[in-house]
Amino acid sequence: MPELLTEPFILSSSPTPARGLDTALVWLMALTCGLVVANIYYNQPLLAAIGRTFHVPDSQASLVATATQIGYTLGILLAVPLGDMLERKRLILWMLVGAAVCLGGAALAPTFALLAVASVLIGICSSVPQLLLPMAAHLAPEADRGRIVGRIMSGLLIGILLSRTVSGYAGAHLGWRVVFAGAAGLMLALTGLLAWRLPQDRPNFTGTYGSLMRSLGTLTRELPTLRRSALVGGSIFAAFSVFWTTLVFYLGSPAYGYGSDVAGFFGLVGAAGALAAPLAGGLADRRGPSYAITAGLGLALASYLLLGVGGGYLAGLILGILLLDVGVQSVHISNQTLVFSLRPEARSRLNTVYMTGYFTGGSLGSIVGGLAWTHFGWPGVCAVGSAFVALALALHRFYGRGQIIG
């Protein structure tokens, strides 16, 4: 049973979708999520090259990844709630145009400071997937919601992981600026495609932007399940970011001696794990989100134990990546399936609260991961990653259990 919230400026009925969610539209949404979210992660295999361009150390170069994730969090907090108020298609198209402009600015950035500023703006404009996911949850039949959200999430996750492969290879052979310029062109092409195919979706929230934003606090206060999901999601994404932010440095160290092109191809390993996303959504539909979250956290903890013990061996590193990505996906998809069930007419705002917690954790993971690598090397990275997973498990098991439904 969904938790209830009584607040005068939050709607009591769900808007009627313009049309059903057909298979082609599901795959278009998945493609869109993958291409747009890739903007956040292109920089990770390029951090060493960016550091050399601007003559900054690894710990400072890693701030580019952190700045982009902070921007993404700001976009989720300030722009995504508008999906419950404004026509979503128009909002999405304008944000894609903004992303193209900001990516072009990053490609031309003459200083590290300006690149960091552009990275924040890229993150803000690339929060489009968090508008598409609530739209898909609204259009999907309730019995298939987890599976459909999982299918779209598979596109998003493959985009996250393959972005590292593409940018690592292109950055090594063409330079990191070309990666950002190419991404800008992709955003313009995607804008045209979505203008043609994406349905209009106008919510019937009639309050002001101020009341819309105030409702975020009301939702957070009144829905303990939402709070728990945000905390668990933030902790597991911190563990994910610890690994992927520092992997390029580890692979470039004497342990492996690989360049950014080879480091980027490790995204292919993670992409193979991302194919399990619809299965994770189906598990949440059949056994319940709580069961799927517990299973995913167990896999993530096992992955860091393996990476700590066998990460110096290629087979151990690859298996650890697979376990980590499948585990993180299971937790994230199950959390979103649970969150979207709470208040159907407020899904964009619910997603805002959840994803703000999620990417706040990701930003923290990037910072802590960079510091752990600088001061303690790979053992420090694995210890910090394991600690974030353990925190997520403790929160999932104990936080607000007396108040939480489901």
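Extents of segment 13-141, taken as max minus min of Cα coordinates on every principal axis and listed largest first, are 54, 26, 22 Å. Per residue, the chain reaches -26500 deg cm²/dmol at 222 nm when only DSSP H runs of four or more residues are counted, each adding -39500 (n - 2.57).
Computed from backbone phi with θ = phi - 60° and the Karplus coefficients 6.51, -1.76 and 1.60, the 3J(HN,Hα) list for segment 359-368 is 7, 4, x, x, 5, 4, x, 4, 5, 5 Hz; x is used for glycine and proline.
Remark: C-alpha extents of the chain on the principal axes read 59, 44, 36 Å, sorted largest to smallest.
Across Cys102, Cys33, the residue with the most accessible area heads the list, and the full order at a 1.4 Å probe is Cys102, Cys33. When the Cα positions of Ala181, Leu63, Leu82 are compared along the charge dipole of the chain, Leu82 comes out farthest toward the positive end, with charges on each C-beta of Lys, Arg, Asp and Glu. Share of Cα-Cα pairs in segment 172-240 beyond 20 Å, in percent? Counting pairs separated by more than 20 Å, the tail of P(r) holds 67 percent.
Surface composition of the chain: carbon and sulfur atoms hold 69% of the protein heavy-atom accessible area at a 1.4 Å probe.
Each residue of segment 323-338 was assigned a 3J(HN,Hα) from its phi angle through the Karplus expression (A = 6.51, B = -1.76, C = 1.60, θ = phi - 60°), giving 5, 5, 5, 5, x, 5, 4, 4, 5, 5, 5, 5, 4, 5, 4, 5 Hz with x at Gly and Pro.
The distance linking segment 144-178 with segment 38-85 is 15 Å (Cα centroid to Cα centroid, whole angstrom).
Would you look at the GNM of the chain, springs on alpha carbons closer than 10 Å, and say which of Ile293, Ile318, Ile152 moves the most? In this elastic network of the chain, the residue with the biggest mean-square fluctuation among Ile293, Ile318, Ile152 is Ile318.
What order do Thr360, Thr206, Thr337 take when sorted by accessible area (1.4 Å probe), most exposed first?
The residues order as Thr206, Thr360, Thr337, largest area first.
The accessible-area ordering, largest first, of the residues Phe376, Phe54 stands as Phe376, Phe54, per a 1.4 angstrom probe.
Comparing segment 305-406 with the 2.2 N^0.38 Å rule of thumb, its C-alpha radius of gyration ratio is 1.27 (two decimals).
Rounded to the nearest 20, the Cβ-based charge dipole of the chain about its Cα centre (Lys and Arg +1, Asp and Glu -1) stands at 320 debye.
The values are calculated or read from the model by the stated rules, or taken from the named source; none is laboratory data. What you are looking at is a predicted structure, and each value in this text was computed from that prediction instead of being measured. Virtual Cβ from ideal backbone geometry, glycine too; neighbours counted across all protein chains shown. Surface accessibility is based on the protein's heavy atoms, side chains included, excluding ligands, DNA and RNA. Shrake-Rupley method; radii C 1.70, N 1.55, O 1.52, S 1.80 Å.
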